[in-house]
Amino acid sequence: MRKALRWLLALMVLIGTLSTAGAATAAEPEAVDIKDRLLAVPGMSLVEEKPYPGYRYFVLNFTQPVDHRHPGKGTFQQRITVLHKDVSRPTVFYTGGYNVSTTPGRREPTQIVDGNQVSMEYRFFTPSRPSPADWSKLDIWQAASDQHRVFTALKKIYGKNWISTGGSKGGMTATYYERFYPRDMDGVVAYVAPNDVVNDEDSAYDRFFASVGTQECRDRLNAVQREALVRRAPLEKKYAAYAADNGYTFTTVGSLDRAYEAVVLDYVWGFWQYSLLSDCASIPADAATATDDEIWNSVDTISGFSAYADQGLSTYTPYYYQAGTQLGAPTIHFPYIEKKYIRYGYQPPRNFVPRDIPMTFQPRAMHDVDSWVRHNAHHMLFVYGQNDPWGAERFRLGKGAKDSFVFTAPGLNHGANVAGLVADQKALATARILDWAGVPAPAVAQARPLAKFDAKLDVRDMEREPALRP
């Protein structure tokens, strides 16, 4: 009898020990610091942690294959950031399609769902560039596969719903990611994402510029642009002095003259991309009587005379490479400028990439994505600005799309967002984002951002790039 009791007591102790061990194991993930959990991910390393009230913010490197089809053929370090709130909250996966900011920032969907945010630098933008750089491995599938690997690694930590987002080239990136890995995300919010399906057919842009804004504003802009070409000789002297003072060179584009015309031809596009109709008041009212400095300053403020210098182009070599191999690039015409003043016209991306980097255009790449979105979009929201040139060629939905939307913010530019939509569309878009993020139904019904606006953390403006870069 005593033996039986001792055996039963031992069994109960053993069961209690196992139960306690099991409870400790189950609770362990919550007890481990989030930094340690992130750094336990294979291939993850810490660059720095920056404090921000209510969050933990990490700048990290993540080891990626140069070629996801052949992962054994070399790796590179890709920069990512994590704005950590709580593993019990949804996560927003953001990329701008260019360099990643290492300053804490919260994109609009992150504020709406009050969640975590993972931000990823696009491959081949420094420092996330393989060395040596095999440029043939810079394409939309490889970049989508970068995102897929980051998501797969971090989903084990952030187990709630994920939404991908991005603006402009980042909106394109979020869309391409959804096309190639449609099972990863629970929703997609793509802002002002261009969709150049047929690269050689750009008449939509010409129609846009013939009607955008008001006739008075268009006339002012067109006159300044024309005058900058009429006064090419004196203004190029000013440009040469400006270049000498700043150490600018023009090897890639070919000459200062080519760079000058490219900047001037960006002027009207750049205004509508970054400005509002009310900003027309800042444009010289009578270009013919304006001083050279007034013409120069207006063009420089909007287009930026450093944009096509080697030093301005080098940062964006990966973008121009992609524009010339898969994404496509716009071409517009200038019927209000006599042909004698235009020597080169809108130059192709090939002119902005060093000649030692080979480029071949793949015309089916965008057609494939466009077709997929039309027939397969699910939980996708596209937001455009009424006065944004990039919205002239946009994503559209077909009969196969489900629970997906394309909205246009009236009067807004390349910085259009959900907050700028008309009231009913704003409420619908906010509710769908909340629902996709898996938040409780009462919050979805209220259709309001769950986090309070933070003037430092919430980035409402577009990520400003020189004109003619989405």
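Here are a few things to note about the model shown:
- Spin-label model distance (nm) - ALA240 vs ASN376, 7 Å beyond Cα toward Cβ: 5.5
- Magnitude of the charge dipole, the chain, Cβ model with Lys/Arg +1 and Asp/Glu -1, debye to 20: 1900
- Zone of GLN362's modelled label, taken as backbone nitrogen in segment 52-70 under 15 Å from a point 7 Å along Cα→Cβ: 67-70
- Spatial extent of segment 198-287: Rg and Dmax, with the Cα atoms as the point set, Å: 15.2, 41
- When Rg and Dmax are taken over the Cα atoms of segment 305-398, they come to 16.6, 50 Å.
- Kirkwood radius and radius of gyration were both taken over the C-alpha atoms of segment 32-185, and their ratio Rg/Rh is 0.93.
- Calculated FRET efficiency, SER88 to THR301, Cβ-Cβ distance, R0 = 60 Å: about 0.85 to the nearest 0.05.
- Exposure rule at most 12 other beta-carbon atoms within 10 Å, DSSP loop trypsin sites (Lys or Arg not before Pro): the chain longest free segment: 184-342
- Extension gain (nm, one decimal) between VAL230 and THR331, 0.36 nm per residue minus Cα-Cα: 34.2 nm
- The Cα-based radius of gyration of segment 141-210, divided by its Kirkwood radius, gives an Rg/Rh of 1.12.
- For the pair GLN386 and THR102, the difference between a 0.36 nm per residue extended length and the Cα-Cα distance amounts to 99.2 nm.
- Segment 60-127 - Rg and Dmax from Cα coordinates, angstrom: 13.6, 41
- Prolate/oblate/rounded label for segment 345-394 (Cα gyration tensor, a/c 1.5): oblate
- On a per residue basis, the convex hull of the C-alpha atoms belonging to segment 391-448 measures out at 101 Å³.
- Per residue convex hull volume, Cα atoms of segment 176-233, in Å³: 154
- Per-pair calculated FRET efficiency, R0 = 22 Å: VAL32 and THR63 via Cβ, rounded to 0.05: 0.50
- Note on the chain: semi-axes of the ellipsoid equivalent to its C-alpha gyration tensor, largest first and rounded to whole Å, are 48, 25, 20.
- Simple label model, 7 Å out from Cα along Cβ direction - ASP257 to ALA204, nm: 3.6
- 31 Å Cα-Cα threshold exceeded, pairs from LYS85/LYS169; LYS50/LYS160; LYS238/LYS456; LYS160/LYS402; LYS169/LYS237: LYS238/LYS456; LYS169/LYS237
- For LEU256, the solvent-accessible surface with a 1.4 Å probe is about 40 Å², rounded to the nearest 10.
- Its Cα centre serving as origin, segment 362-470 has a Cβ charge dipole (Lys and Arg +1, Asp and Glu -1) of approximately 160 debye.
- Coarse-grained scattering of segment 119-269 at q = 0.15, 0.17, 0.19, 0.20 Å⁻¹, given as base-10 log I(q)/I(0) from a Debye sum over alpha-carbon atoms: -1.02, -1.09, -1.15, -1.19
- Each Lys or Arg adds one and each Asp or Glu subtracts one; over the other residues with Cβ under 13 Å from the Cβ of ARG231, this totals -2.
- Length added when fully stretched, ASP134-LYS456, from 0.36 nm per residue minus Cα-Cα: 112.1 nm
- Listed by number, the DSSP H helices of the chain that run 30 Å or longer by alpha-carbon position along their axis and have mean Kyte hydropathy of at least -0.5 are 2-31.
- Residue-normalised accessible area of the chain, expressed per residue, 1.4 Å probe, Å²: 44
- Among the GluC sites (Glu not before Pro) found in segment 161-260, those both in a DSSP coil and sparsely packed, with 13 or fewer other Cβ atoms within 10 Å of their Cβ, are GLU201.
The values are calculated or read from the model by the stated rules, or taken from the named source; none is laboratory data. Since we're looking at a predicted model, the values are computed, not measured. Every residue, glycine among them, receives a Cβ derived from its backbone with ideal geometry; neighbour counts consider all protein chains shown. We work out accessible area using only protein heavy atoms, side chains counted, and drop any ligands, DNA or RNA first. Shrake-Rupley method; radii C 1.70, N 1.55, O 1.52, S 1.80 Å.
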